[in-house]
Amino acid sequence: MSDDALTCKTVTLTHPYTRSDNVKAIQIALKGNGYDFGPIDGIYGPLTAGAVEMFKRYKGVTPVNPVVDLAMYYFLGVRCVSTVQLTEQLDYNNPLRQVVETAWYNNRKYWAFGPNVPLPVDTAQTKIAQEYMIAYSVSPHGEPDLVPLQLNIYDSIPGMPQYSPIWHLNYVIVPRGYVPNTIRSAEQAVTSGYQIISSDRYVN
């Protein structure tokens, strides 16, 4: 099995040791990053787990432990299919095949029809809600370098007084060691201590 066909299954140190194609892909990625732990045998033992922890320390990923989850697959550069990605393509209850966005609100996932279409908005006349996007940086032209796999974050949902179908985009600037989906609510974004850039973009 190639790493293109892998499912992003979480791997950690267990007894007996895990043996799988996922482990082999992790080992190949570690070797490619200069970590020597012995042969590429598809077995997740103490040496491979130790290399994962060393990789996390170098990248500034926390917590430092032997767990390889969805975020770690990204940091290692291992291509795999995630359930996060698959939720965007479900059509058993979406016969019109509309684009569906998965987003966080208050630590829970919500789904909304998309795509987000930019709109000209008179903020003095229009009620707006706040949407937070996690990014590494924003270019001088206002284009964000978004964190892969991170879901956007809503400050409200339908039925709440502050809800609006018009969203104002805000960019939360995080370091490269940030683990995707650590921030899962507007409150966490605002109180994170990270810089927040208020954009001039409004979408529906």
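Data for the structure
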quantity	calculated
Residues of segment 124-151 satisfying the condition of being assigned to a loop (DSSP other than H, G, I, E, B) and touching a residue at least 40 places away in the same chain (Cβ under 8 Å)	T126, I128, G142, P148, L149, L151
Where a residue in segment 161-188 is not assigned by TED's automatic domain parsing to the domain that holds Y58 and of a type in the set (D, E, K, R) and its partner, wherever it lies, is buried (at least 17 other Cβ atoms within 10 Å of the Cβ) and not in a loop (DSSP other than H, G, I, E, B), with Cβ under 6 Å and at least six apart	R184/W104
Sole exception among (1) modelled with pLDDT under 80; (2) exposed (fewer than 15 other Cβ atoms within 10 Å of the Cβ); (3) under 22 Å from the mean Cα position of the chain (by Cα) for L6, by number	(2)
Residue in segment 164-201 that is nearest to P120 (Cα to Cα), counting only those that are at pLDDT 95 or above and of a type in the set (F, W, Y)	Y171
Residues of segment 154-163 satisfying the condition of being modelled with pLDDT under 95 and in contact with a Phe, Trp or Tyr (Cβ under 6 Å, 6 or more places away or on another chain)	I157
Residue list for segment 28-58, filter: closer than 22 Å to Y178 by Cα, in contact (Cβ under 8 Å) with a residue 12 or more places away in the chain and part of a helix (DSSP H, G or I)	A29, L30, G32, A49, G50, A51, V52, E53, M54, F55, K56
Of all residues making up segment 174-202, the number that are of a type in the set (V, I, T) and part of a loop (DSSP other than H, G, I, E, B)	4
Residue in segment 67-84 that is in a strand (DSSP E or B), surrounded by 11 or more Cβ atoms within 10 Å (Cβ to Cβ), at pLDDT 85 or above and in the same structural domain as S199 (by TED's automatic domain parsing) present	no
Selection count where residues are over 27 Å from P63 (Cα atoms) and in contact with an Asp or Glu (Cβ under 6 Å, 6 or more places away or on another chain), scope segment 130-179	3
Output for segment 48-63, where each listed residue is of a type in the set (G, A, S) and at pLDDT 90 or above	A49, G50, A51
Residues satisfying the stated conditions in segment 10-27, i.e. crowded, with 16+ Cβ neighbours inside 10 Å, touching a strand residue (DSSP E or B) at 6+ places or on another chain (Cβ under 7 Å) and not in a loop (DSSP other than H, G, I, E, B)	V11, T18, N22, V23, I26
Neighbours by Cβ (under 6 Å, 6+ apart or cross-chain): first from segment 193-204, farther than 8 Å from L169 by Cβ; second not in a strand (DSSP E or B)	Y194/V174; N204/V117; N204/L119; N204/P165; N204/I166
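The values are calculated or read from the model by the stated rules, or taken from the named source; none is laboratory data. Predicted, not measured: the structure shown is a model, and the values here were computed from it. Heads up, the Cβs are rebuilt from the backbone with ideal geometry, glycines too, and the neighbour counts pull from every protein chain shown.
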